Amino acid sequence: MIKELDMKRFGIDEEIVTFCSKAEKALERLWEEIKDTTSYNQFKVIDAMRKNRLSDRHFAVSTGYGYNDEGRDILERIFADIMGAEDALVRPQIISGTHAIALCLYGVLRPGDKLLAITGSPYDTVATFIGMNKNESVEGGTLREFGVEYEQIDLEGDGIQVDKVLEAMDEKTKMVYLQRSTGYGWRKAVTITELESVIGAIKDKDPNVVIMVDNCYGEFIERKEPTEVGADLMAGSLIKNPGGGIAPMGGYVAGRADLVYLAACRLAAPGIARETGATMGINRIYLQGLFLAPTVVSQALKTAILAAKVFSELGYDVCPKHDDSRSDIIQAIRFGTPEKVELFCQAIQGAAPVDSYVVPQPWEMPGYHEKVIMAAGAFVQGSSIELSADAPMREPFIGYLQGGLTHEHGKFGIYSVLQLFKEKGILRMPT
Ligand SMILES: *Cc1c(COP(=O)(O)O)cnc(C)c1O
């Protein structure tokens, strides 16, 4: 354990370190389980790299149109192999996770088609471009404007209502949409086991429907990915799990080759699809990030679990609980008041290596319905595989913690929240 004298130097009181260290002691069995999954996923990544004969020459720089970019091609081949997918797009031209998901939906859906979301309301920014909110006129070509119908089946507790899903599927249903991670909800992530069984039931009813998964925050948590258990298409962000903390931007799409092609046609233009797109030397960084990703994800996972343990011992409701099975890196903590959730984000920001001196404030972020407060003292702007915290400013004031390139940073963040709570007189340690 770290001695009091040492931690004083960093502004953390001894009782906080003692309390958190005790909590962590109880988690050692879980650390062992995480280690096994990390090893397996690391082997999977290396295996894909050696199978595809990755070589130094693939790290060359392409410019202009980016024709014959072998590095880009092999990166996408490796990525697809890791994900158990036929094909993948892994590109710096994909701006974000939202953009990657939009490529899939706009790529596949046509006027008159129905999109059926079966894990409740999609992530805020996705809901916006679907055009779900009838009263809010977001212009610029939402799916609704293009005549795509939308229907939603809510979760019941943490579970997908399979019967209702099957009932809602009709001849217009082109795509069934699942979000693996919590988003700004209060639920556990959908596990790969659950995903597999739900996809099985849907495919039994209609083998042609496209199963699309928002895989943000899910990569490398389990030993399999959605595309290994029947998902036709999935998308995610490279400044989350699969970028390993060093990808400076980008997103990915992976899945059936014909569907990835349609997404590529949206990214570029029909006819151009995936043959172009200069990478300016980023392929090496993507590959190195991918190589590091399983380990980085394990660090983030340990931080989430420690936070669950610590905050539940302090009397807060947490989701998931420390020993629940996990399928994303998100830890939700119900703080109950706007003040607490703001202090939580401020403390995480204060523990960051970058911009530690700024005080995050709630603001109207583009694409979100409510004000959102975000702490991200990150090397890559907004990167949430780095230690970060955020909260939409709405009842019941849930704070979301995720990331941490090292578990040590995650720990320091948790200590810092407790320290700030103590200084504000709101820390209630169990006696
Ligand atoms: C992060 C995230 C997205 C996409 O967000 P971007 O900020 O656009 O990368 C979509 N869905 C979920 C569940 C997410 O966590």
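The values are calculated or read from the model by the stated rules, or taken from the named source; none is laboratory data. All values derive from a computational prediction rather than experimental measurement. In this analysis, Cβ positions are derived from the backbone assuming ideal geometry, glycine residues included, and neighbour counts consider all displayed protein chains. Keep in mind that these areas ignore ligands, DNA and RNA; they rest on the heavy atoms of the full protein, side chains included. Shrake-Rupley method; radii C 1.70, N 1.55, O 1.52, S 1.80 Å.
Yes/no matrix, rows are residues, columns are (1) outside any loop (DSSP other than H, G, I, E, B); (2) of a type in the set (S, T, N, Q); (3) under 20 Å from the mean Cα position of the chain (by Cα):
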position	(1), (2), (3)
R394	no, no, no
G399	yes, no, yes
E408	yes, no, no
V417	yes, no, no
L427	no, no, no
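Look at S62 and say whether it is among the hydroxyl-bearing types (S, T, Y), farther than 20 Å from G236 by Cβ, buried (at least 18 other Cβ atoms within 10 Å of the Cβ) and more than 20 Å from the chain's Cα centre (by Cα). Break it down into steps so the answer makes sense when it comes.
On the way: among the hydroxyl-bearing types (S, T, Y): yes; farther than 20 Å from G236 by Cβ: yes; buried (at least 18 other Cβ atoms within 10 Å of the Cβ): yes; more than 20 Å from the chain's Cα centre (by Cα): yes.
Yes, satisfied.
Against the conditions (1) modelled with pLDDT of 95 or more; (2) acidic (D, E); (3) open to solvent by 20 Å² or more (accessible area, probe 1.4 Å), D328 satisfies every one except (3).
Quick one: in the range 248-258, of everything that is within 12 Å of the ligand (Cβ to nearest atom) and crowded, with 24+ Cβ neighbours inside 10 Å, which residue is nearest to E225 (Cα to Cα)?
Taking the candidates together, the pick is Y252.
State whether one or more residues within the range 311-329 are touching a Leu at 6+ places or on another chain (Cβ under 6 Å), in contact (Cβ under 8 Å) with a residue 40 or more places away in the chain and not in a loop (DSSP other than H, G, I, E, B). No, the range 311-329 contains no residue that is touching a Leu at 6+ places or on another chain (Cβ under 6 Å), in contact (Cβ under 8 Å) with a residue 40 or more places away in the chain and not in a loop (DSSP other than H, G, I, E, B). Within the range 114-125, is there a residue that is away from the ligand (no atom under 16 Å from the Cβ), open to solvent by 40 Å² or more (accessible area, probe 1.4 Å) and modelled with pLDDT of 95 or more? No, that holds for no residue.
Restricting the search to the range 282-298, which residues are open to solvent by less than 20 Å² (accessible area, probe 1.4 Å) and either hydrophobic (A, V, I, L, M, F, W, C) or closer than 14 Å to P92 by Cβ (or both)? Walk me through how you get there before you give the answer.
Here is the first cut: in the range 282-298, the ones open to solvent by less than 20 Å² (accessible area, probe 1.4 Å) are 282-283, 286-287, 289-290, 293-294, 296-298.
Those that are open to solvent by less than 20 Å² (accessible area, probe 1.4 Å) and either hydrophobic (A, V, I, L, M, F, W, C) or closer than 14 Å to P92 by Cβ (or both): I282, N283, Y286, L287, G289, L290, A293, V296, V297.
Does the range 51-69 contain any residue that is of a type in the set (V, I, T), within 16 Å of the ligand (Cβ to nearest atom) and under 19 Å from T279 (Cβ atoms)? Among the residues of the range 51-69, not one is of a type in the set (V, I, T), within 16 Å of the ligand (Cβ to nearest atom) and under 19 Å from T279 (Cβ atoms), which makes the answer no.
Would you say D6 is free of Cβ contacts under 8 Å to residues at least 12 places away in the same chain and either touching a strand residue (DSSP E or B) at 6+ places or on another chain (Cβ under 7 Å) or in a helix (DSSP H, G or I) (or both)? So D6 fits the description; yes.
Scanning the range 78-96 for residues that are open to solvent by 10 Å² or more (accessible area, probe 1.4 Å) and part of a helix (DSSP H, G or I) yields a total of 1.
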